[in-house]
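Every read-out reported here was derived from the displayed coordinates using simple, explicitly stated rules and does not represent laboratory data. No experiment lies behind these values; they were computed from the predicted model shown. As a convention, Cβ positions derive from the backbone with ideal geometry for all residues, glycine included, and neighbour counts pool all protein chains shown.
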Amino acid sequence: MGLGLVSTLKLDQMELSAFQPASYQNENDNIVVVVQLFGGNDGMNTITPYEWDMYYKQFRPTLHIPRNTVTPISKEKGMAMHPSLSQGVKGGMLGLFKEGKLGVLSGLGYNNPDFSHFRSTDIWLSGIVPSSTSQPLPTGWLGRYFDTFSGEPKPESPYCIQVGKTPSLMFLGETGEKSIVLESAEDMYYQGQQVEGNRIAIEASEYYKSEFDYVNNVGVEVQEYSRVIKKAFDSGKNIESYTSATLSQQLKLVARLIDGGLKTKVYFVEQTGYDTHANQGGLDGTHSKLLKELSEAISAFQSDIEQLGHDKKVVGITASEFGRRPYENGSAGTDHGTSSVMFSFGTAVRGEVIGEYFGYFPLIDGFNHSYATDFRSIYFELVTSWFGKSTEFGAAILGEKLSYINETGFLKSTKKDPTLPKPPDPPVVTIDPDTGQPMVGEKPSLEQDRFSIFPNPVTDDWAYLRMNLYYQARVVVTLVTLDGREVGKLMEGEYRPAQHDVIINLKVPPGTYLVRIKVGKVTYGVKCVKL
Amino acid sequence: MSVVSRRDFLGGLLGSVTERGEVQAGLEEHTAPLSREEVRHLLQRCTFALSPAVIDKYVGKTAGEVVDTLFNNAQARNSPTPPAFVNDVINNPDKLSGNRRDEESRKFGLHSGDYNWDLGGWWVTQMKTDRESILEKMVFFWHGHLTTQYSNCVNIPVIPMYLQNDLFRKNFAGNFYTLLEKITIDGAMLIYLNGNDNISEAPNENYGRELLELFSLGVGNYTEADIKAAAKILTGWKVKYFADESMTPNRGYFNPNDFDKNSKRFFDETFSVNYEITQENVYNNSVRKLINVILTKKGNVAAKFMMTKLYRYFVYSNPNKTDETLINDLSSRLVVAKFEFMPVLKTLLKSKHFFDEKNIGIQMKSPADTIVNMVSHFKYVDKYARNVMSELGLELFNPPNVSGWKGYRSWVSTKSLPTTIYYIHEIFTYNTNTDFANWAEGIDNSGDLNRLTSRILETFFGRAVSAGRFKAYTALLAASPAEWSSVRGDKNAAGQRVKKLMENVIKAPEFYLS
């Protein structure tokens, strides 16, 4: 091997491994639209396992979406689409799926899921999977992306635009916020003209000046960008018609700004209300209404962007901070869960079902599904395949190189990359030999030690009854003597699956009693001694 | 992508953090009588609502006198009348039927929802009427430090949120041992950081972790094993809201069945359970002992952690190396004072360092500073002021996460700046021209054009402006002192001008600095 060859190899390696200093001048024209579904979307009622008895009988006895209303999107994987997703322009999101412009990405999640909204939302927005519950999540993945341009002058158009109220962590970088937040271009313009938009030169020593200049510059930036945005708004248009729902209106604004020539790379819109702990409802419920709004908004946007001729450079994704548990709770709702589905949309996406159905994955703790693909894979693919950055660049933003979902990713432009880590094997789905259907978790055992009384012996006129309930049910507690005579009803109520400590009144003569607990149709008993 | 280089004024400035110059003055007491600017500086940092009349009262007094007064006044007013709903008694609606069920359900709904907003309004009222004490600034400090968010998936009802606020009031500058002991079994905290779920069979480490990481020591001063041990030591504390389910609704109580009775080791100290398991014994031998071990064994670390945070809160959010020496000095004093905050805070606020010219006007105001001060002068509804603050990123009783608000430059962003101006305009619409005129008339010597302008500016600005800009602000009221004298007689015309001045005041960078 000659000397020259060695040095070329070295150079190659350098180019591959060095973190390329980016220049904003070289960014491509591609745009991402992130639709954030705040509150934790219930994946199982969005994409339903329409042939699965367990779904109808055990998990969602009252909240399931009836089999005859859904449209199968993968017979092989047993997945169907909620009827609300066929609402909107040209058959809504189902229509987009049929045209190959909607991807259904199943089984996304992360290790050691956090069930706090805020924490889990922050994990999704930061693109950091923390190793402990207190690891700080100081910046967002797009904030870090645009941090790489912080040495350059700010571009004419803002890097990112958030349509909504509050700046999202997603756009917070180490060198400040990378997005402009607005609810309407006209309000933004009006408000932007109210701020002090001139630079004020003050005579002061450096220390005070730096804080003063900081505030002053925020004002200058607001005014400048409000003009740029208004200009794009005035020269842009919409062709498709949208509903009056907030999300539709937000996406309408995004389409118009894109059409008006704004060079912003990322748009962020949000739909709230997915935290359906109570009254999630079935076919006519809250969740169904949200999905209808989602479908109407996304289908109108996609149609609009196609008619405006920008579809080749725009892709969208939906994201939510977590899924929901398979078991419905006692309040006609569902609780925070783990693994779920995401959607991708646009002419550049693979319009197919990607990944196995998450609902069949085993439960990790009796309540929550395991997941197949780290959600950061989606971001990683956007950075590399859509924004055209190297996988090293992607790793610098997201902490490590990640495999693309299903290896080939969700974008048509993505190619299988052998240098990326192999995707982990998806969780093994167990098939119940009796039914031939997927079986999830253990069949709950009904043991008496799920109830206890303390203190026992009972010294006062009251005690706590601890109940560990696995199903939501009506609970009736009565006090009975050992010879079976009923002394009285202690309490009655509807309880969610959880641990409950309830006070029971025991103003009874000393002796040994049986506390009889009726949970639904099953009866348990706990002995207690009254002193 | 096109880049427009003519706007290089934006380049890199945002977010770049420049250190201020070194302040050489230390903790020695500033004994000279206070100038007007110094009084303004002290009051702006220690209260949410500033007024020229209050500044007048303290000019010429010493820092020692004024700071003592701010603390004495705080002690005197730390038991305000709570909102009426705090006295409500609620039974579990699930155990009732018919009308009673509906009634309790409705009540509980209000307690979990709207009343938390009302409580925010109540707090705004406390803040805006507290012009001469350090109380509300300290309560807000503790709220951001020992955080609880009422809106955490399943809302925390208002009574425990109120009780936590009251705990901060009663211990506004008190003893850190006491405060940590009490917050550990505080009802709202037990819900927020899952103490309620921390049981011997399944210890929940949420609170134990934050106690060490965010509340007392800071990251890197404990191990994962310490967290696990702390969680076990703190098992068994619960809270219930309903009167029919608890002897002490909304307050922490002890449930012996959930308590881990094994011995634990924490910071090389054994926590054995060789006593009769009663609420009182467990409180003393587990909760209090745990806090005692933390603050005794790692006293220097805890003191540094707390004094850094308080320095950032009261003096400057971006301290440099020289300031750190001073913070070390403060920390040693806190250890010597056995973690009594009051003497150490007084030392800081009376010091030459605090009054150094370099430290004036360099703090970013929070929305609480800007909005409360504004509604302390102009008519508005306190509950709406709470909503405005929330729109600006500071929702009382609902910080963004367990580490509280980020503070400093996060308060002034491309979203919050125009929105602040927008909402203050809304506050102005609650006031007629006559209201503006009457407000200005209420300022001492308001007939004197220059004096009135300077009084108005000092009320809202972190620092005095240059002579040129001062003149421009004056011109918004009148072209000359004589013209102002004549305009004053016409309330509508005068009010219009005062309003015009205020509309410009809120645009100035100084308005966002303290």
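Taking amide H as placed 1.01 Å from N in the peptide plane, the amide H of A:I180 sits under 5 Å from that of A:C160, A:I161, A:Q162, each at least 5 places away or on another chain. Between A:V428, A:S340, A:T175, the Cα set farthest toward the positive side of the dipole of chain A (charges on each charged residue's Cβ, about the Cα centre) is that of A:V428.
In chain A, the calculated helix contribution to ellipticity at 222 nm averages -7500 deg cm²/dmol per residue, counting -39,500 (n - 2.57) for every DSSP H run with n ≥ 4. Rounded to the nearest 10 degrees, the angle from helix B:341-350 to the longest Cα principal axis of chain B is 20 degrees. Spin-label model, A:K527/A:S244: points 7 Å from Cα along the beta carbon direction are separated by 6.8 nm. Of all DSSP beta bridges confined to the protein assembly as shown, the antiparallel ones make up roughly 70%.
Taking only Cα atoms, what is the 0 to 90° angle, nearest 10, from helix A:246-259's long axis to the longest principal axis of chain A? For helix A:246-259, the angle is close to 20 degrees. In this simple spin-label approximation, A:E400 and A:Q437 carry label points 7 Å from Cα along the Cα→Cβ vector, and these lie 3.7 nm apart. What the Cβ-Cβ distance of A:N279 and B:R101 gives, at R0 = 22 Å and to the nearest 0.05, is a FRET efficiency of 0.80. Each other residue within a Cβ distance under 12 Å of B:V402 adds +1 if Lys or Arg and -1 if Asp or Glu, for a net charge of -2.
If r is the Cβ-Cβ distance from A:T62 to B:Y430 and R0 is 56 Å, what FRET efficiency results, to the nearest 0.05? Present the calculation step by step, with values, prior to reporting the outcome.
Working: r = 48 Å, r/R0 = 0.86.
E between A:T62 and B:Y430, to the nearest 0.05, is 0.70.
Counted by Cβ distance under 12 Å from A:A396, the other residues give a net charge of 0, where Lys and Arg count +1 and Asp and Glu count -1.
Rounded to 0.05, the FRET efficiency of the B:E28 and B:K471 pair, given R0 = 30 Å and the Cβ-Cβ distance, is 0.20.
Each peptide in A:136-144, B:65-73 gets a packing score, the mean of other Cβ atoms within 10 Å over its residues, and the list from highest to lowest is A:136-144, B:65-73.
Calculated [222 nm] ellipticity per residue, helices only, for chain B: -15500 deg cm²/dmol; basis is -39500 (n - 2.57) per DSSP H run with n ≥ 4, divided by all residues, nearest 500.
Between the Cα long axis of helix A:206-235 and the first principal axis of chain A there is an angle of about 90°, rounded to the nearest 10.
Under 29 Å from the Cα of A:K416, which lysines turn up, not counting those fewer than eight places away in the same chain? Partners found: A:K10, A:K75, A:K77, A:K98, A:K101, A:K265, A:K312, A:K313, A:K389, A:K401. Across q = 0.14, 0.18, 0.20 Å⁻¹, the stretch A:448-530 modelled as identical point scatterers on its alpha-carbon atoms has Debye log10 I(q)/I(0) values of -0.41, -0.68, -0.85, in the order of the q list. On the principal axes of its alpha carbon atoms, the stretch B:367-512 extends 56, 31, 23 Å, with the longest extent given first. Which whole-Hz couplings ³J(HN,Hα) result when phi for each residue of the stretch B:276-284 is put into the Karplus expression 6.51 cos²θ - 1.76 cosθ + 1.60, θ = phi - 60°, listed in order with x for Gly and Pro? Calculated HN-Hα couplings, in order: 5, 7, 10, 3, 5, 4, 5, 4, 6 Hz. For B:K415, the aspartates and glutamates whose Cα comes closer than 15 Å to its Cα, not counting residues fewer than 8 places off in the same chain, are A:E177, A:E183, A:E186, A:D187, A:E196, A:E221, A:E224, B:E391.
Only lysines eight or more places from B:K350 in sequence, or on another chain, were considered; those with a Cα closer than 16 Å are B:K61, B:K358. Using θ = phi - 60° in the Karplus curve 6.51 cos²θ - 1.76 cosθ + 1.60, the 3J(HN,Hα) couplings for the stretch B:417-430 round to 5, x, 5, 4, 4, 4, 6, 5, 4, 5, 4, 4, 5, 7 Hz; x is entered for Gly and Pro. Our coupling estimate for the stretch A:58-69, obtained by passing each phi through the Karplus curve with A = 6.51, B = -1.76, C = 1.60 and θ = phi - 60°, is 9, 7, 10, x, 10, 9, 5, 8, x, 3, 7, 9 Hz, Gly and Pro reported as x.
Sorting the Cα pairs of chain A by distance into bins of 20 Å, from 0 upward, gives 20, 45, 25, 10, 1 percent per bin. Residue separation of B:D88 and B:N438 scaled by 0.36 nm, minus their Cα-Cα distance, works out to 122.0 nm of gained length. Measuring spread by the Cα atoms of the stretch A:120-233 yields a radius of gyration and Dmax of 16.1, 48 Å.
When B:T270, B:T419, A:T243, A:T430 are sorted by how many other C-beta atoms sit within 10 angstrom of their C-beta, beginning with the fewest, the order is B:T270, A:T430, A:T243, B:T419.
Per residue of peptide B:415-426, the mean number of Cβ atoms on other chains within 10 Å of the residue Cβ is 6.
Computed across the stretch B:84-300, the Kirkwood hydrodynamic radius from all distinct Cα-Cα pairs reaches 18.4 Å.
The H on the amide N of B:I90, modeled in the peptide plane, is under 5 Å from the matching H of B:A243, each at least 5 residues off or on a different chain.
In this structure, the amide hydrogen of A:L490, modeled 1.01 Å from its nitrogen in the peptide plane, lies closer than 5 angstrom to those of A:V477, A:T478, A:L479, counting only residues at least 5 positions away or on a different chain. Exposure proxy for B:H353, A:H310: other Cβ atoms within 10 Å of each Cβ, ordered fewest to most, give A:H310, B:H353.
Tell me, rounded to the nearest percent, the portion of alpha carbon pairs in the protein assembly as shown spaced more than 60 Å apart. Looking at the protein assembly as shown, the distances longer than 60 Å represent 13 percent of pairs. Between A:N26 and A:T408, the distance separating the two model label sites (each 7 Å from Cα on the Cα→Cβ line) works out to 3.0 nm.
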